[in-house]
Each structure stands twice: as C-alpha cells, then as structure tokens.
1. Just name the residue that is farthest from Val484 (Cα to Cα) out of those in the range 369-406 that are touching a residue at least 40 places away in the same chain (Cβ under 8 Å) and surrounded by fewer than 16 Cβ atoms within 10 Å (Cβ to Cβ).
2. Looking at the range 440-476, which of the residues that are over 15 Å from Val525 (Cα atoms) and touching a Ser or Thr at 6+ places or on another chain (Cβ under 9 Å) is least open to solvent (accessible area, probe 1.4 Å)?
3. Which condition does Ala366 not pass, out of (1) free of Cβ contacts under 8 Å to residues at least 60 places away in the same chain; (2) in a strand (DSSP E or B); (3) open to solvent by 50 Å² or more (accessible area, probe 1.4 Å), if it passes all the others?
4. Considering only residues that are assigned to a loop (DSSP other than H, G, I, E, B) and aliphatic (A, V, I, L, M), which ones fall in the range 322-347?
5. Which residues, taken from the range 369-408, are among the β-branched types (Val, Ile, Thr) and assigned to a loop (DSSP other than H, G, I, E, B)?
6. Suppose we keep only residues that are within 20 Å of the chain's Cα centre (by Cα) and not aliphatic (A, V, I, L, M) within the range 328-342. Which one would you say is most open to solvent (accessible area, probe 1.4 Å)?
7. Can you pull out the residues in the range 297-321 that are part of a loop (DSSP other than H, G, I, E, B) and in contact with a strand residue (DSSP E or B) (Cβ under 9 Å, 6 or more places away or on another chain)?
Amino acid sequence: MMKMRNKITAIVLVICLTLLVSTPALGSTSLANFDRIRTYQGGFSDVPSSAWFYSSVRSVYERGIIDGRSAGTFDPQGQITIAETIKIAALIHRGFHTASMEFPGGAPWYAPYLDYAQRNGIRINAFRNFNAPITRADFAVIMASALPDEALTPINRITDGAIPDVSERFSYGTAVYLLYRAGVLTGSDDDGTFFPGRTLTRAEAAAIVDRMIDADSRIFMTRDVPLTPEQIYLKVSPAVFLIQVLDENEEVVKTGSGFFISDDGLAVTNHHVIVGATSLRITLYDGEVLDAAGLYDFDRFDDTALIRISGEGFSYLEIADAPPRTGATVYALGSPLGLQASFSRGIVSQALRVVEGMTFIQLDAAISTGSSGGALLDVYGRVVGVTTATLPGAQNINLAVPIELFTSLSTERYMSFDSLLIRTVHYEGFYPAPDFGAIFGISPWETRRALGGTSFSYRVSDLPGDIADIIDEYSFIIEQNFFVHMGDMVVSGNVLSRFYNAWHDVILSFGLEEIRNVEVFTVNVA
C-alpha cells in the first residue's frame, strides 16, 4: 500500500514538473520582462558594428533569445530553421508571461520548446522536417502567436491590399498584417513587398525578434492601397455638404460647399463663401438640413474659414499626410451651381501655383460656381485641398487652396456670422448696393443719371483718409453684399471696376474721374 502511494506521488510529481515547463506561471506580463542577461562584447566576427543588423543581433543575443551558430560567429546570412523559430517563439511567450526563459534539455534539442508551443497556443504547422529553413510566411504566423494582442498594438495604418503580395484572406495574411500594423514587419522593398514563400536569414530574424520584444525598436509607417472612384465617392460623400448663404432678410443669396474635418461638427469652407452671411444653412448628403452654429476663424487673404455645425457623430474627411504632386490623380466633390454631391476627376496640373501672392493647387478636375469650399481628394480619399476658383476664359484651369493653410486657424474663439458683418446702408432703390457716402460720412458732390442707372460722385478732397485704403475697404463691403467682381471697363477714358449681384440683378461700378476739374470718386448703380 505504501508502495502504491509512493507511485501515485511520483506520477503527480512528474505531471507537476511537466506543467512547470509547459504552462506559464502567473506574474507580470510585459515586454519589460526581457532584460539584458548577458553582455555582447563583439564576439561575432561576422557581425561588424557597421552592419545594418548589428544592433538587432546584439539586442537579441544580450536578452538570450538568439545565440550564435558557433563560438565566434552568428552566421547572419544563414537561413533560420523551423526548430530555431519555435525555440524563439517559446522563449518570447514564456518570457513575456513569466519573466523567465529557462527550459530543460530534451531529445531532440527542440522538443521542450515544441511541447511548450503546442500547449500554449503558438501556431505550429504540421512540419515534417524541423531542421529545414522556415519560410517568411510560417515565421510570421509563429511570431504573431507568440505574444498577445495587447503586446502587438497597431501603430501603423496598413490597409488590406497595401502589402502587394499578401491579402488578409490568405491563411497567413492575418498574421502578416498584424505584424506590419504593429511595426514588427516592414517588407523587403520600397513597396512593402513581403515575399511570403522565401526563406529568412538569421540577420532578418534578429531584426524582427528585436522589434517583437522591444516596442521602441518598432517601425512607424503608412501603407495604403488606392481606392476606385466608386469607393472614394462612397467613403467621402457623407462628409461633404451644400451651403446656402442667407442675408439679413433670411433670403438665400448664394450657395457653396463645405465638409467636416471632425465628428463634432468642425467644418471647412472658403472665406469668400461665407463673407456677408447672416447665417448659413447646410444640407447633408442624405437630405438632412441643419443650421450652422457659427464661425471659429478665417483668413481673408488665404480664403480659408473654419465653421461649426451643431451636433455630433458626423462623417468627416481624413487630411492627407503630404501635399499632392504635379501629375497626381485627384477628385473634386462639391455642389457646383447648387447641384449637391457632384463628383469629378482630374490631375494636379501644378502642385504649387501662386496667383497674386496667394498659394493654390492648380487642377483640371471640373468645378464651377458653387464648388467653392468643396473637397479636393487624393486616390485614398484623403483631403488635400479646398476647391476655390476657376480662371475665366481658360479651359480646365481651376484652383484649390492647400488644406495645410487651414491648420493655422484657431478654434479657441467662437462667434456668430453676423458679428463679422460691417453694417451697411444701401442706396435707396438699389438694394443691396452699399451707400459709399453713408458708410464714410460724406455727402455726394454730384448725383446724375448715367450708364443706365444713377451715378454718385464724391470729391476726393472730402474723403476721410487715403483713397487707396478707402477703395480697398469699400471693395470688401461690396463683396460682403454678394457682389462679384466682373472685371474693369473704360468709360470716357476712366477705368471703372465692375461688380454684379446676380441674386438681385444689380450692377455696381466705381472709379476715379475728373469732372469740371474736380477729382471725384464715382459710384454708378444700375
């Protein structure tokens, strides 16, 4: 009876010893468990300090993950075997969970590591020859299962299909994409190609293992696959909206476009779209109509504005990491002539075009009046600019404000649209033409019928300041009242700037002239 009890005790002891080898003990689970347990003193003659893999080899050696092939060599160009890979995975898994990487000996030598891997969910295929070189695909599968997901946190945006020769649908695809997104794998060329069927050198394995156990060694990168036009439209259209601009009489006086750049209602448009607005009404892609809450900031010269739409949970556009290059394919989405969600395609004709000191992206994608404030998108559906203008009389010469010019605008202050308005007195009978004399506090020197309307002339000597500054300010007030500059004309040798308000069919022109030897500033309204 005593012998039987001793036998049972021995069996239990064997089982317990087995569990100590194969099952991680409870403890601190962390990459910090991988301490340096020995010092590398340049012992590998084939690992010079100038080699790209030097720091990785040193790291994994000092942490006890990968040894040399002999006393004095690492064999960096040699192929790593299936058995060596399983050992590495077992050491990583056990070290992460227990801070200990001690294993007993066995026959064959890799048996304890294989047993541990199989018992702890490390993915091991049905290999026939464990001494054979491992493929890159099998190495990725085994490595991805050696650490839990929380130790392989994604730090990179890698879209499905962005790795040229791997899809997530492949048997090894999930593991490969997991390691790319975690910054452990980077690919073997500038395109990020993985080459899953190739074998792996020991130097490459050292670099990958180093990134597995040391988060500071992981590589930041972004790899996207271009979307089809249909995919881009479906992705971005919910974020782009039609703008209706309302005047002080709550009448719609013009339309434009805008788009969200955050889910809490922060949106972008051109300054010239909202200038003069008492309020804005927007229509989303699904037909929902909302009122804009107000304005954050704007830059008149750059033609930029940040507005706020009340609500949350809005679809929004992702801003591109870099400006587009000349020749790049781009897409424009906006509301030309009020036709909401109009989508066009073109190329960047010139990535940096300066017009009258203003910086633009020149493009040939079709835009029209009302497209202003719309989104200019790259082939990934990311916004690179804000469609702004077309050059009259030219074929397919259109302009967009680079999106980076909006990043300097502030969201600290918040104001209503009408708080920016310069209160305007209008010429009687000619709404909405601004009354120059009433604005600047002088009376007309002469009033007469001319050019199919009425001309109001003011002596320059009576003006309350420099004529150039006054003309600039008056021009801005005209724009606030929804007049568009239509060009200049010459009348009796005098140059008059001509503006038109299409909503009220009013023409306004102004300029300097001389009447009976008196220099005057004349405003004609018709």
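1. So the residue we want is Glu404.
2. Residue satisfying both the conditions and the ranking: Ile471.
3. (2)
4. Passing the criteria: Ala322, Ala328, Leu339, Ala341.
5. Correct list: Thr369, Val379, Ile397, Thr407.
6. The extreme case among them is Thr329.
7. Hits for the range 297-321 are Phe301, Asp302, Asp303, Ser310, Gly311, Phe314, Ser315, Tyr316, Leu317, Glu318, Ala320, Asp321.
Results for (1) farther than 21 Å from Glu404 by Cα; (2) out of contact with any Phe, Trp or Tyr (no Cβ under 8 Å at 6 or more places or on another chain), shown as yes or no for each residue.
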position: Ala292; (1), (2): yes, no
position: Ala305; (1), (2): no, no
position: Ala320; (1), (2): no, no
position: Gly334; (1), (2): no, yes
position: Gly338; (1), (2): yes, yes
position: Asp364; (1), (2): no, yes
position: Ala375; (1), (2): no, no
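The values are calculated or read from the model by the stated rules, or taken from the named source; none is laboratory data. Keep in mind the model is a prediction, meaning the values are calculated, not measured. Note that we place each Cβ from the backbone using ideal geometry, even for glycine, and neighbour counts take in every protein chain shown. Side chains are part of the model used for accessible areas, which takes the heavy atoms of the whole protein and leaves out ligands, DNA and RNA. Shrake-Rupley method; radii C 1.70, N 1.55, O 1.52, S 1.80 Å.
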